[in-house]
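Okay, so here's the structure we're looking at.
The values are calculated or read from the model by the stated rules, or taken from the named source; none is laboratory data. These figures come from a predicted structure and were not determined experimentally. Don't worry about glycine lacking a Cβ; one is built from the backbone with ideal geometry, like all the others, and counts go over all protein chains shown. Accessible surface areas use protein heavy atoms only, side chains included; no ligands, DNA or RNA. Shrake-Rupley method; radii C 1.70, N 1.55, O 1.52, S 1.80 Å.
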Amino acid sequence: MTVITRFAPSPTGYLHLGGARTALFSWLLARQNGGKFVLRIEDTDRDRSTQESVDVILQAMGWLGLDWDEGPFYQTQRMERYRQVVRQLLDEGHAYYCYCSREELDRMREAAKARGEKPKYNGKYRDFAGEPPEGIKPVVRFKNPLQGSVSFEDQVKGRVVIHNSELDDLIIARPDGTPTYNFTVVVDDLDMGITHVVRGDDHLNNTPRQINILRALGSRPPIYCHVPMILGNDGRRLSKRHGAVSVMQYADDGYLPEAVVNYLVRLGWSYGDEEIFSRQDMVKKFSLAAVNSSASVFNPEKLLWLNRHYMQHASTENLAGQLAKHLALKGIAVGQGPDPVDVVGVLLERAQTLAEMAEKAGMFYTDYDAFDEKAAGKNLRPAITAPMRVFRDRLEALEDWRAAAIHALLESVAEQFELKIGKIGQPVRVAVTGGSVSPSIGETIYLMGRQRALAGLDRALKYIEKKAEEFS
Ligand code: GLU
């Protein structure tokens, strides 16, 4: 048997971490069995589905490297097929028209509640053979079995048993003929030959209904794997409140897809005490049976830790390319400053994400707006004017433009003026970057280039002069 799995997002928003994890588990199952992974867009809710959401979901799947073998199939393009299956169920006596009005259904519900029962459809038109009431466009309901129970062996949750008495006759087509959600899923899973349904456990309640419809269609149900949800650290369902939940937000925030994928696979699944999984590793070692049946808690620090790990193991060229993209997002073209490869070399130890790296690299590509007041007040004082001027002139003339040579120059000026290196280093840092934090002075000046460094030093010397005038 070829394993065929699917991911079936509803395009009503971005791809969030929970959805991405479901997609990943489903993808892994297909890949480790040499099977197929199908992508299906469940867009029948036309009010809430948008092309924009479809685009971002596909983009996120691509970014995560979750490639699909078939699809994307769009449910809105399969309407004719759903109509055909509704017809089949009607013809075979597995479905019927129901003419209850909304008011009647409301009354039915109220009456059931008053009896202390679960509000449910009472089967009024199940075996109706009379003359249908005038002026009512009927819905089509599935004839759920009245006796017995539905049971299945969920790969994550274990055995699930639901009595048919708890299930009422599900509407499968609305008065305008459009199919309902649970029905389209069944038809698609059947037509697409899905062998394993991996989905969020918020769908667990739908499963017995779907199994009954599948059986009525003469099919054997697939294997179900209901993956528990992801919670924030406050025990509530993961949402924007807990930080970014959209997969592409992580791309924008400078995370590597390898880190996000590795984080997601470990969310609810473990393999001994291993934390780092390459893609091949995951495919080899992942097992649904080892997925935790209770909810997992999202831990942003761990994701950051993994990101750092993957950044440190990525090739410099790869990181440089990504850094360039993040700089571009900030309106910085790499042509206006150093080679990003050199920047990565200097900033790799200092940044946990590529966005943070781009933030820190800004000083090598653009002039700062103004001095950080506190840093300037503390470091740009008249006593530093003479050494700074000497450093400035010698920097202008420096032939050997390397970080080490710039550093040696700073040391030599410090020695000449009998200053500790920090006493001149920090003022120079403020002069060239505008603030008090940067990589070593040698690296900083090397990367920003001679022109920008000299401009900063001149600006600082002027600032000191002006301050001195104000006080005299
Ligand atoms: N479209 C559903 C969702 O996005 C998934 C349904 C399924 O996997 O069966 O939640």
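If residue 146 satisfies all but one of (1) open to solvent by less than 80 Å² (accessible area, probe 1.4 Å); (2) outside any strand (DSSP E or B); (3) touching a residue at least 12 places away in the same chain (Cβ under 8 Å); (4) among the hydrophobic types (A, V, I, L, M, F, W, C), what's the number of the condition it fails?
Among (1) open to solvent by less than 80 Å² (accessible area, probe 1.4 Å); (2) outside any strand (DSSP E or B); (3) touching a residue at least 12 places away in the same chain (Cβ under 8 Å); (4) among the hydrophobic types (A, V, I, L, M, F, W, C), the lone unmet condition for residue 146 is (1).
So which residues in the range 25-44 are within 23 Å of the chain's Cα centre (by Cα) and either more than 17 Å from residue 223 (Cα to Cα) or without any contact (Cβ under 8 Å) to a residue 12 or more places away in the chain (or both)?
39, 40, 41, 42, 43, listed by residue number.
So which residues in the range 435-472 are in contact (Cβ under 8 Å) with a residue 24 or more places away in the chain, farther than 15 Å from residue 371 by Cβ and outside any helix (DSSP H, G or I), if there are any at all?
Correct list: 439, 440, 449.
Going by what's in this entry, would residue 212 be described as buried (at least 18 other Cβ atoms within 10 Å of the Cβ) and farther than 23 Å from residue 60 by Cα? Break it down stepwise before answering.
Working: buried (at least 18 other Cβ atoms within 10 Å of the Cβ): yes; farther than 23 Å from residue 60 by Cα: yes.
Criteria met by residue 212.
Going by what's in this entry, would residue 38 be described as more than 12 Å from the ligand (Cβ to nearest atom), at pLDDT 95 or above and open to solvent by less than 30 Å² (accessible area, probe 1.4 Å)? Full working, then the answer.
Working: more than 12 Å from the ligand (Cβ to nearest atom): no; at pLDDT 95 or above: yes; open to solvent by less than 30 Å² (accessible area, probe 1.4 Å): yes.
The answer is no for residue 38.
From the residues in the range 205-244 that are hydroxyl-bearing (Ser, Thr, Tyr) and at pLDDT 95 or above, which one is farthest from the ligand (Cβ to nearest atom)? Reasoning before the result, please.
Initially, the range 205-244 is screened for residues hydroxyl-bearing (Ser, Thr, Tyr), giving 207, 219, 224, 239.
When the remaining residues are screened for being at pLDDT 95 or above, the result is 207, 219, 224.
Details: 207: 9, 219: 16, 224: 9 Å.
Only one residue tops the list, namely 219.
Taking the conditions exactly as written (closer than 30 Å to residue 445 by Cα, among the polar types (S, T, N, Q) and outside any loop (DSSP other than H, G, I, E, B)), does residue 352 satisfy them or not? Break it down into steps so the answer makes sense when it comes.
Numbers: closer than 30 Å to residue 445 by Cα: yes; among the polar types (S, T, N, Q): yes; outside any loop (DSSP other than H, G, I, E, B): no.
Spelling it out, it is not the case that residue 352 is closer than 30 Å to residue 445 by Cα, among the polar types (S, T, N, Q) and outside any loop (DSSP other than H, G, I, E, B).
Of the numbered conditions (1) among the polar types (S, T, N, Q); (2) open to solvent by less than 40 Å² (accessible area, probe 1.4 Å); (3) under 30 Å from residue 242 (Cα atoms), residue 75 satisfies every one except a single condition; which is it?
Against the list (1) among the polar types (S, T, N, Q); (2) open to solvent by less than 40 Å² (accessible area, probe 1.4 Å); (3) under 30 Å from residue 242 (Cα atoms), residue 75 comes up short only on (3).
Would you be able to tell me the number of residues in the range 219-234 that are more than 30 Å from residue 192 (Cβ to Cβ), touching a residue at least 60 places away in the same chain (Cβ under 8 Å) and part of a loop (DSSP other than H, G, I, E, B)?
Just the residues of the range 219-234 that are more than 30 Å from residue 192 (Cβ to Cβ), to begin with: 231-234.
With touching a residue at least 60 places away in the same chain (Cβ under 8 Å) added as a condition, the list becomes 231-233.
Right, trim to part of a loop (DSSP other than H, G, I, E, B) and you get 232-233.
Matching residues across the range 219-234 total 2.
Which one of these is open to solvent by 10 Å² or more (accessible area, probe 1.4 Å), within 16 Å of the ligand (Cβ to nearest atom) and out of contact with any helix residue (DSSP H, G or I) (no Cβ under 7 Å at 6 or more places or on another chain): 202, 168, 154, 176?
Working: 168 fails: within 16 Å of the ligand (Cβ to nearest atom); 154 fails: open to solvent by 10 Å² or more (accessible area, probe 1.4 Å); 176 fails: within 16 Å of the ligand (Cβ to nearest atom).
Within the list 202, 168, 154, 176, the selection yields 202.
Restricting to the range 246-260, give me the number of residues that are surrounded by fewer than 23 Cβ atoms within 10 Å (Cβ to Cβ) and either hydroxyl-bearing (Ser, Thr, Tyr) or under 14 Å from residue 59 (Cβ atoms) (or both).
Number satisfying all stated conditions: 6.
Could you grab me the full set of residues in the range 261-292 that are open to solvent by 60 Å² or more (accessible area, probe 1.4 Å) and either outside any loop (DSSP other than H, G, I, E, B) or touching a Lys or Arg at 6+ places or on another chain (Cβ under 6 Å) (or both)?
Within the range 261-292, 271, 279, 280, 284, 289 qualify.
Filter the range 288-329 for residues that are hydroxyl-bearing (Ser, Thr, Tyr) and under 14 Å from residue 256 (Cβ atoms); which is nearest to the chain's Cα centre (by Cα)? Break it down stepwise before answering.
Quick first cut of the range 288-329, residues hydroxyl-bearing (Ser, Thr, Tyr) only: 293-294, 296, 310, 315-316.
Adding the requirement that they be under 14 Å from residue 256 (Cβ atoms) leaves 310, 315-316.
Numbers: 310: 17, 315: 23, 316: 24 Å.
The qualifying residue nearest to the chain's Cα centre (by Cα) is 310.
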